[in-house]
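A short write-up of the structure that comes next.
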Amino acid sequence: MATIGLYGYVFSKNFYKQYFWLCFFVFLIIWDAMYSIVVGMPPDPELTEMENKYIDLFAIILAYILMTPAYIGLLLYGLPSNKLWKVDSFE
């Protein structure tokens with residue numbers, strides 16, 4: 001779903017409604033945070049508990065850094081100030 005929204009933003013295509021994409025952006029942020037907290041990475045038995053936590057933290061931070069452009073694109077796609085959602089009146 002996020003890829004469809006990002007595609008719509010990049011190529012200026014209307015997909016469904018602007019309000020949906022703004023709500024989806026919030027949902028995606030919450031979903032990604034909950035997924036990384038609940039699922040995480042399986043612990044490596046050769047490492048200590050603290051080392052496993054540091055690796056988990058590093059993986060979460062790296063994932064959010066890599067996803068930042070997609071998050072920004074979805075946010076800009078869903079904002080009401082986006083000209084794509086303006087309705088032109090031919091009066």
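Taking other C-beta atoms within 10 angstrom as a stand-in for reagent exposure, Ser81, Ser12, Ser36 fall in the order Ser81, Ser12, Ser36, fewest first. Extending 7 Å from Cα along the Cβ direction at Ile72 and again at Tyr35 yields two label points whose distance is 2.1 nm. Residue order for Met67, Met50, Met41, fewest other beta carbons within 10 angstrom first, comes to Met50, Met41, Met67. Gain on full extension, evaluated as 0.36 nm per residue between Lys17 and Leu79 minus their Cα-Cα distance, stands at 21.2 nm.
Among complete DSSP H helices in the chain, those whose alpha-carbon atoms stretch at least 18 Å along the helix's long axis and whose mean Kyte-Doolittle hydropathy reaches 1.6 are 18-38. Our helix-only sum for the chain, with -39,500 (n - 2.57) per DSSP H run of n ≥ 4 divided by its residues, gives a mean residue ellipticity at 222 nm of -22500 deg cm²/dmol.
Here the translational diffusion coefficient of segment 2-81 follows from Stokes-Einstein with Rh set to the Kirkwood radius across Cα pairs; for 10 °C and 1.306 mPa s it amounts to 112 µm²/s.
Think of the chain as a dipole: +1 on every Lys or Arg Cβ, -1 on every Asp or Glu Cβ, centred on the Cα centre; then among Ile29, Tyr71, Tyr7, Tyr7 lies furthest on the positive end.
Taking a label point 7 Å from the Cα of Ile4 along the Cα→Cβ vector, which residues of segment 14-31 have an amide N closer than 16 Å to it? In segment 14-31, the label zone of Ile4 (backbone N under 16 Å from the point 7 Å along Cα→Cβ) covers 14-28. Counting other Cβ atoms within 10 Å as a rough exposure proxy, the listed residues Trp21, Trp31 run Trp31, Trp21 from fewest neighbours to most. The count of lysine pairs in the chain whose Cα atoms are under 30 Å apart, excluding pairs fewer than 8 places apart on the same chain, comes to 4.
Read-outs throughout are calculated quantities, based only on the coordinates presented, and are distinct from any laboratory measurement. Here the structure is a predicted model, which means the values were calculated and not measured. Reconstructed Cβ throughout: ideal geometry from the backbone, glycine too, with neighbour counts over all protein chains shown.
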